[in-house]
Amino acid sequence: MHDLRFTIPAEELNREPFTRASPDFSKKSALMVTDRGYKCRITNIVPLSEHERLFQLRIVDPRERELFAFRPGQFLMLEVPGYGEAPISISSATSHREFIELCIRKAGHVTSALYEARPGAFVAVRGPFGTSFPMEAMQEHDVLLIAGGLGIAPLRAPLFWINDHRDHYRNVSFLYGAKEASQMLFAYQFEEWKTVSHIDLRTIVEKPDEKWTGRTGMITSLFEEITIDTKNTWAIVCGPPVMFKSVCTHLDKLGIPMNRMFVSLERRMHCGMGKCCRCMVGSTFTCLDGPVFDYWSVMNLKEAI
Amino acid sequence: MNHLGFDTEKLKIGSFDFTCCEGCQLQLANHESTLPEFLALLDIRNFREISSERLDDSDIALVEGSITRSDEVERLKAIRAQAKVLVAYGTCACFGGMNAQKNKFPKEECIRTVYGDKQIDTMPEAHKISDFVQVDYSIPGCPVSKEEVERIVVSIATRSPIALPKYPVCVECKQRLNTCLFDLGEVCLGPISRAGCDAVCPSGKTVCLGCRGPADDINYASFTELVRDKGLSTEEMREKLAFYNGFTEYLNHEG
Amino acid sequence: MIYKVISKNEFRAFVDALVRANTSYGPRQVDTGRNGEPVYQFMPVSSASEIAFDYTVTTSSAKHLIMPFREELSKFRFRDGDWDQEVRYDAPPIVLFGLRPCDINAINILDEVMLNGPYPSPYYLARRKNTFIVGMDHLPLPDCFCRSMNRHTVSRGFNLFASDIGESYFLSINSSKAYNFLKEFETTEPTEEDDCKLIERRKLIKQSFKTNVEVTGLPMFLDLEFDSPIWEKWGNKCLNCGSCAMVCPTCYCYNVEERVATGLESSSRQRRLYSCNLIDFAEVSGGHNFRPKNGDRLKYRYYHHYRGFAINDNQQICVGCNRCGRTCLASINPKEVINDLRLEKESCMTCVSPSPQRS
């Protein structure tokens, strides 16, 4: 028999009715938000290339849909129930609240499962997490966006943002390079970005096939084509580490300050909340202090590149 | 589970044994608490321990045992030709297993010791099945862990990739709060053997003999140094490493 | 904090009542080592007689009783073409008895890691709120270096702390629950003599440390020595077995994995303690490993422990219990690694002897 005089009473966490409002962590009742996902229906799957597809998701609950807001450059944790979670950068426009678009390469077990999914399937997202591109600070300046391969995925959100607020920005250039022409993603939007958004868009391919009529070479050779007002330019660079390193080194030589160049780092987050330590770069969390970093910080991060 | 838009299909499965104790196959019928659910995932086409069906149209062939006779090679190749997925099932199939003990001795001596003067057709060495056929997946263990088998079968049924732990047994052993067997003066292969068994042997105070083979990228040099530093017998260590034949590349490399 | 003095017999009776009435864990001898030394672990206890009151140190810390090695974060229940997510973070109350100051300090550090920052963990909070901690002081073992980390005393994070002052214990009562339980037992107000004994006891403990690890300025040293050859040297010894992280009272890095039930009716998302020394800790989808070498991974563990992470105010999370050092089969221990690092740096700064060749 337990002596009730010495039995410790269970302490409950304060649990007010489950709320989706932006988390107020002084109230422990809001804690639940971080581990429960927003249920989403896959509304469309667009094949982009042999290895990449665009998944369009719609948050099922209308109230939750309204609450889900993000900034360009942020990522979310995509949960495929039964398979696991993977960090994915958000590829859609921040102003477009009806759908979330994710450009996904089949790489690990979660994305492989997603590739098995059909439109109508239910998945979940947690987030958004992480830092974003400083779109406001870039206003009244030139913006230079540079992407390599799948690096266009996190760049779509800032591109859409610029389109939404085109008057606030001066010259906007977008340089996009891919290994092969068939790996060039979102080519169907290029015309729109050029003519409607007035973005100086230039593409280049490393290994051209017979159909490719554009420029051939490394992405850095596109710099010869454009004039950069280095005093007034902000740069966003996304791509594999080798690519952004060479691009940023180049931009540095041209005279763009390192704290005006932004890159997005990729690591395999397991929690997205600065707890699991899987995405550490040096002593910095990619999920909290990143994924968007200015290049000065990246240069000072141990083991970043 | 069909929320992604596809239904899980029953896996047409066949189980085949070669030179072995059939203990791994028996594991399939073990773990009663989830046995009905487990069997519900399977369409058993050929499996003499739990079914009288003898069909040869299985998609997944679980192959148990090592190869010790030339006629086994032919049978194995026939299974491979018919199966979509061939799984090396258990330590014998994965590494040669305990049967490979005979590899250290002259063939004639082995036959004489075991069978006397009887004429026996046997190969000089016991082989792992990947010496003859391509293996799609390996499930090591002596015997295999039923939990792991269930997990892998569920993975195949849900079209999920299959992965074994890359780290060594120590991780699981420490989580079970076992006393390190080195501290008790024994040579344990836990630090270099692949986990996934939930450290079942060390938890029973029996040293790990590495039935699941080496973990990924093990530090063999440091391990041998450790055995020496603790004043333990390197001869004993080599015997243990040879027990299931999973560490041949390290033993051979050492010369 | 309220202070009382209790006789050793009465304290035993109190502990007995406490552990009988609750799910409790305390130090128990589980083995006898190769050289005849007892081996202790924090194990379930249901009476005072099962507890080794005079234990030296447990092989593994009490961390897993607050952060289990494996814990369910949420469950997905599948129904036709759809699913429901279940998130639960209820924890039954438990008693942790016999924790050392370093162990309690370790829990305080975990509190900061798990409960500070933008995303406090409800799972951790639920367990932590329901954990009743009784601490006990002890004389350090020859290899304890908690004094170097300034973690040899503790002033918070426990419900009750007992200091051995000879015939009785000097109790620091830090919760009303503990105070109420103690009302049923005979305690006295500390006399001046008791206070003296407590001070003597503390002095004795402080003077008994035989191992000193010089950690001043270590964060900067670590940054400067990021490419030091000593990481490769110690990395070459490392077995990548993760034992250090498993027994460590503050190693918390984890893996999230999902397990589908055999009947396919549900799936469980689980948090699992991992170790940065394990080969695939920094592996990303597609197979790239950001820390492919033993030395890279070992270095990372030392960075986390002795440099700290920005989000936690660059706090050093090592408490100096040396469980990792005792457990490591390859004889890697903080004292020697840090001394090596210092030697390397100091020899370089004074230019008396050349640094080892960098490769």
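Among the residues of segment C:90-129, those identified as of a type outside the set (D, E, K, R), within 28 Å of C:ALA17 (Cα to Cα) and in a loop (DSSP other than H, G, I, E, B) are C:ALA91, C:PRO92, C:PRO93.
Within segment C:1-47, the only residue that satisfies the criterion of being in contact with a His (Cβ under 8 Å, 6 or more places away or on another chain) and in contact (Cβ under 8 Å) with a residue 60 or more places away in the chain is C:ASN22.
I'd like the residue in segment B:128-154 that is farther than 14 Å from B:GLY90 by Cβ and open to solvent by 20 Å² or more (accessible area, probe 1.4 Å) and, out of all such residues, is farthest from the other protein chains (Cβ to nearest Cβ).
The extreme case among them is B:PHE132.
Do any helices (runs of 4 or more DSSP H) lying entirely in segment C:169-257 carry at least 2 residues that are touching a helix residue (DSSP H, G or I) at 6+ places or on another chain (Cβ under 6 Å), and which ones are they?
Counting at least 2 such residues, we get C:218-224, C:230-237, C:243-247.
Just one of the listed residues (A:GLY217, A:GLY255) is open to solvent by less than 30 Å² (accessible area, probe 1.4 Å) and of a type outside the set (A, V, I, L, M, F, W, C), and it is A:GLY217.
Tally up the residues in segment A:54-75 that are more than 17 Å from A:PRO128 (Cβ to Cβ) and within 15 Å of the chain's Cα centre (by Cα), please. Total satisfying the criteria: 1. When residues in segment C:298-340 are screened for being among the basic types (Lys, Arg), touching a Cys at 6+ places or on another chain (Cβ under 8 Å) and within 14 Å of chain A (Cβ to nearest Cβ), 1 of them pass. In this structure, A:GLU303 does satisfy being charged (D, E, K, R) and touching a strand residue (DSSP E or B) at 6+ places or on another chain (Cβ under 7 Å). Filtering segment B:153-189 to residues that are within 19 Å of C:GLU258 (Cα to Cα), in a loop (DSSP other than H, G, I, E, B) and of a type in the set (Val, Ile, Thr) leaves B:THR158, B:ILE162. Looking across segment C:132-154, the residues that are in contact (Cβ under 8 Å) with a residue 24 or more places away in the chain and either over 14 Å from C:ASP103 (Cβ atoms) or within 14 Å of chain A (Cβ to nearest Cβ) (or both) come down to C:PHE132, C:ILE133, C:VAL134, C:LEU139, C:PRO142, C:ASP143, C:PHE145, C:ARG147, C:SER148. Please verify whether C:ASN294 is more than 9 Å from every other protein chain (Cβ to nearest Cβ), touching a helix residue (DSSP H, G or I) at 6+ places or on another chain (Cβ under 9 Å) and open to solvent by 20 Å² or more (accessible area, probe 1.4 Å), treating the condition exactly as stated. No.
May I ask you to list the residues in segment C:92-119 that are buried (at least 20 other Cβ atoms within 10 Å of the Cβ) and facing chain A (nearest Cβ under 10 Å)? If the condition is that a residue be buried (at least 20 other Cβ atoms within 10 Å of the Cβ) and facing chain A (nearest Cβ under 10 Å), then C:VAL95, C:VAL113, C:MET114, C:TYR119 are the ones that fit. For segment A:56-94, the set of residues classified as farther than 24 Å from C:SER268 by Cα and assigned to a loop (DSSP other than H, G, I, E, B) consists of A:PHE68, A:ALA69, A:PHE70, A:ARG71, A:PRO72, A:GLY73, A:GLN74, A:ILE90, A:SER91, A:SER92, A:ALA93, A:THR94, listed by residue number.
From the set of residues in segment C:258-281 that are more than 10 Å from chain B (Cβ to nearest Cβ) and outside any loop (DSSP other than H, G, I, E, B), which is nearest to C:TYR303 (Cα to Cα)? My answer is C:ARG271. The numbered conditions (1) within 14 Å of chain C (Cβ to nearest Cβ); (2) in a loop (DSSP other than H, G, I, E, B) are all true for A:ILE228 except (1). When residues in segment A:100-115 are screened for being facing another protein chain (nearest Cβ under 8 Å), more than 18 Å from the chain's Cα centre (by Cα) and open to solvent by 10 Å² or more (accessible area, probe 1.4 Å), 2 of them pass. Here is a check on your reading of the model: is A:PHE293 crowded, with 19+ Cβ neighbours inside 10 Å, part of a strand (DSSP E or B) and either touching a Phe, Trp or Tyr at 6+ places or on another chain (Cβ under 6 Å) or at the interface with chain C (Cβ under 9 Å from one of its Cβ atoms) (or both)? Spelling it out, it is not the case that A:PHE293 is crowded, with 19+ Cβ neighbours inside 10 Å, part of a strand (DSSP E or B) and either touching a Phe, Trp or Tyr at 6+ places or on another chain (Cβ under 6 Å) or at the interface with chain C (Cβ under 9 Å from one of its Cβ atoms) (or both). At least 3 residues being in the same structural domain as A:ASN259 (by TED's automatic domain parsing) is the threshold, and among the helices (runs of 4 or more DSSP H) wholly inside segment A:95-208 those reaching it are A:152-164, A:190-195. Scanning segment B:76-89 finds one or more residues that are assigned to a helix (DSSP H, G or I) and free of Cβ contacts under 8 Å to residues at least 12 places away in the same chain.
Checked against (1) within 13 Å of chain B (Cβ to nearest Cβ); (2) within 29 Å of A:MET299 (Cα to Cα), C:VAL247 passes all but condition (2). Screening A:GLY73 against (1) open to solvent by less than 10 Å² (accessible area, probe 1.4 Å); (2) closer than 19 Å to A:PHE122 by Cβ leaves a single unmet condition, (2). Here the condition is being in the same structural domain as B:LEU41 (by TED's automatic domain parsing), touching a residue at least 40 places away in the same chain (Cβ under 8 Å) and either closer than 15 Å to B:GLY141 by Cα or not small (Gly, Ala, Ser) (or both); of B:ALA61, B:ALA93, it holds for B:ALA93 alone. Out of the residues in segment B:33-79 that are among the hydroxyl-bearing types (Ser, Thr, Tyr) and either within 14 Å of another protein chain (Cβ to nearest Cβ) or touching a strand residue (DSSP E or B) at 6+ places or on another chain (Cβ under 7 Å) (or both), state the one that is most open to solvent (accessible area, probe 1.4 Å). Among residues in segment B:33-79 that are among the hydroxyl-bearing types (Ser, Thr, Tyr) and either within 14 Å of another protein chain (Cβ to nearest Cβ) or touching a strand residue (DSSP E or B) at 6+ places or on another chain (Cβ under 7 Å) (or both), the one most open to solvent (accessible area, probe 1.4 Å) is B:SER33.
Restricting attention to segment C:127-145, the residues that are open to solvent by less than 50 Å² (accessible area, probe 1.4 Å) and under 25 Å from C:SER175 (Cα atoms) total 10.
Taking into account only those residues within segment B:190-221 that are within 13 Å of another protein chain (Cβ to nearest Cβ) and in a helix (DSSP H, G or I), which is most open to solvent (accessible area, probe 1.4 Å)? Restricting to residues being within 13 Å of another protein chain (Cβ to nearest Cβ) and in a helix (DSSP H, G or I), the top hit is B:ALA221.
The values are calculated or read from the model by the stated rules, or taken from the named source; none is laboratory data. Since the structure is predicted, the reported quantities are computational estimates derived from the model, not experimental observations. No Cβ is skipped: glycine too gets one built from the backbone with ideal geometry, and neighbour counts run over all protein chains shown. When the accessible area is computed, the model is the full protein with side chains, heavy atoms only, and any ligands, DNA or RNA have been set aside. Shrake-Rupley method; radii C 1.70, N 1.55, O 1.52, S 1.80 Å.
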